[in-house]
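Below: one structure, written as structure tokens.
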Amino acid sequence: MLRGPDTRMRLVALLFIVALLPVLGQLVRIQVLEHPRYQRDVEELVRRRYALPEPPWGVITDRNGDLLVGNVPVYDIGADINLITDTVQAAQRLAPLVNVPEKDLRAALTLPEDEKKITTAWVPLAQDVSAESSQAINDLGYYWITMTPHWTRYYAEGDLASHLLGFINRDGQGYGIEVSQMRFLKGETVDKTGALSGDSNPLPNEMADGMEFPYSGTDLRLTIDRTIQAYIEGELAKAVAEYNAEGGTILVLNPRTGEILASASVPDYEPYRYFDYASSESVGVFLDPAISISYEPGSIFKVVTAAAALDCGKVDLNWSYQDRGSLEYGGIIVRNWSGGSYGQQDLEGALAHSLNVGMATLSTQVMGAHTFYDYVQAFGFGLPTGVGLYGESGGQVHLPDDWDWADSYLATNAFGQGIAVTSLQMVTAVSAIANDGVMMQPHVVAARYYPDGRSVEVPPRSLGKPISTETARTLSELMVRAVEREIDYAQVPGYRIAGKTGTAQIPTTGGYDPENVIASFIGFGPVPDPQVLVLVKLVKPDVPYTMRWGSQTAAPVFHELAERLFVLLGIPPSNLMAAGG
Amino acid sequence: MSVIWHQQTHGVPIRKAKSERTIALLFLAFVVVITLLLAAYLALVADNVRLSREIWQIEQDLMAAERETQTVASECARLSSIPVLQERSTQLGYQPANQVEYLSLGAP
């Protein structure tokens, strides 16, 4: 036995090999035969879906850089309740900080009896807890508390420009710029599957393999001016209260560029409390009356009819007609607003006296349907303006080829009945008259500032030229004279104002509301170089019937606004502008 | 100790001993090189882990700083907002201009 050293060495080596064989076998089993299963187990253990902290959304400022919508951090609070030692004390201390009744909190923090064997049990405690409360919670030193930061929008000016700015909920739904510009405002979040450590942080390999990091959203600078916005909102509120109106809209626009300087509508809402309105089923208040709700504009539409008649060349300043107080066309009888007849009238007289018969004469006997509706469409009626706001309506224009066309539309549309437009469409159309015939794209976004430092200015864009420069200037002059002759309330000393009143009937089922009207005034100035265009609309002013005309309700509001706007915008009086060339 | 036993255990022929020493040296060199490479790799991995942790921490710090920045910006905006300015103006004794009269100056 074991006679020599070689033999003993071989024996020892053999023993080692035999001892190593099971290890080798296990290695083969684990690394080769059952490799996929173990690989899967490991991946299940470390590879999980995760999201990095949400980056802030882009902020929204007014044209001067004053913050309108920003971000503040809030926290979602949770707890690993299997780690709590003193539930009663914890609930007592946490309740005031997370704004949850102590009793409810104690119940949430208590691990159910039959589930005590589980190793982890995380429960959410509160959402959107403020940074101050979160700090106080952190100071309690509870290691079982989890705090997940995210952002909520902060409206620096409260409910200013609520319809314009809008809001967005956690599901990505909402109104206003927040929704329409969401693709810019929202930052790039990182939500992926990767290898995570026990405390849910990405493992080094995950970082080394080209980890993506979130980046914040694009900042927006708007065309609106918060001072003008606050001013017109105050004036609108005063007007609505003074005339007992159901609602109202004021739009201020620069006709040269299409920039919306301010837009206010009543009823409005507080965007940071949108959930309260949603829960009380008052969601109708979220619709912006300036862009989403169309109405029959009434007499302010007459400027469009007059523009079409002048521009098509069939009418000039020498044109006149015999106003007999009524006109029969398409099975209806058109009458003037006063019911009276005005005798021989030219275009200036028809505009100044706001004669329905005169406008119906132009559309039915001078232009005809084809010409008239070509101009109506050229002015953008029937289609959204593309202002870039959520929920814009295109209004409704009946055309001769439509199935629901009636011949009477040609007569009534001429003075703003039987046609539905939005306030923004009306302002955009009239801006063409103010801007030498060029209709500018209305817009609210002036510039975008990207997180990488790039910035893009949004240039003014033309929507076309529905009328010639000559027509626009002629009509502007006629509108100035109309204001000077008939609308004392709208005049601003030192400034030449072009304008038109409207007192529109409100359609109901089977006719028109005999009690209520929409009173409006649209005007721009100072002529001949208009810098500002204003639409004032008051819905159902509840004042004595003889006092609810646009000239008596909306025109005085326009006067107040224009007077202040010229000062705020630094626009010199007309005589100084003329002197300056 | 017999001569046979001595030859069997230590009496390795000189030529064979030389070649085995060379092999041993090569093996040793191989082990040293492998050890150095493994050490370098280990150092690299450790450095990678450290850097990854640093990046992650910097990212966390960045987000925390972003939260502070946004909070401060929002607070500044609140303090300079129109309602707050109006309130402060009123506290300072200013009154809202209810009746504004504008002077129209003629062209020179």
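The values are calculated or read from the model by the stated rules, or taken from the named source; none is laboratory data. Computed from a predicted structure; not experimentally measured. Glycine also receives a Cβ, built like all others from the backbone with ideal geometry; neighbour counts cover every protein chain displayed. We work out accessible area using only protein heavy atoms, side chains counted, and drop any ligands, DNA or RNA first. Shrake-Rupley method; radii C 1.70, N 1.55, O 1.52, S 1.80 Å.
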Most positive-pole-ward Cα, A:363, A:349, A:525, against dipole of the range A:226-580 from beta carbon charges: A:525
Potential extension, residue A:485-residue A:191 segment - 0.36 nm per residue separation minus Cα distance: 99.2 nm
Equivalent ellipsoid semi-axes - Cα gyration tensor, the range A:226-580, angstrom: 30, 24, 21
Ranked packing of A:158-165, B:38-45, most packed first, by mean Cβ within 10 Å: A:158-165, B:38-45
R0 of 30 Å, Cβ-Cβ distance residue B:40-residue A:205: FRET efficiency to nearest 0.05: 0.95
Solvent-accessible area per residue for the range A:471-511 (1.4 angstrom probe, square angstrom): 43 Å²
Rg(Cα) / (2.2 N^0.38 Å) computed for the range B:10-91, rounded to two decimals: 2.94
Extent along principal axes [Cα atoms of the range A:23-78; Å; largest to smallest]: 75, 27, 14
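By the gyration tensor of its Cα atoms, with a ≥ b ≥ c the square roots of the eigenvalues, what is the shape of the range A:72-152: rounded for a/c under 1.5, prolate for a/b over b/c, or oblate?
prolate
As a test of the definition: with a 1.4 Å probe, what buried accessible area, both sides summed, do you compute for B against A, in Å² to the nearest 100?
Looking at B and A, the buried total is near 2700 Å².
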Global geometry of the range A:344-427, whether rounded, prolate or oblate, following the gyration tensor of its Cα atoms and the 1.5 cut on a/c: oblate
Length released on extending from residue A:318 to residue A:452, taking residue separation times 0.36 nm less the Cα-Cα span: 42.2 nm
Accessible carbon and sulfur surface of the protein assembly as shown relative to its total accessible area, %, 1.4 Å: 56 percent
Cα-based Lys pair tally, chain A, threshold under 25 Å, eight or more apart or on separate chains: 15
Equivalent ellipsoid dimensions for the protein assembly as shown as semi-axes, Å, which come from the Cα gyration tensor, largest first: 79, 29, 25
In order through the range A:49-59: 3J(HN,Hα) via Karplus (6.51 cos²θ - 1.76 cosθ + 1.60), integer Hz, x for Gly, Pro: 6, 8, 10, 6, x, 4, x, x, 6, x, 8
Sorted peptide list for A:284-293, B:27-36, criterion being average Cβ within 10 angstrom, highest first: A:284-293, B:27-36
Length gained when the stretch residue A:333-residue A:47 is fully extended (0.36 nm per residue, less Cα-Cα span): 95.2 nm
Shielding of B:66-74 by partner chains, average beta-carbon count, 10 Å: 6
Number of partner chain Cβ atoms within 10 Å, mean per residue of A:64-74: 4
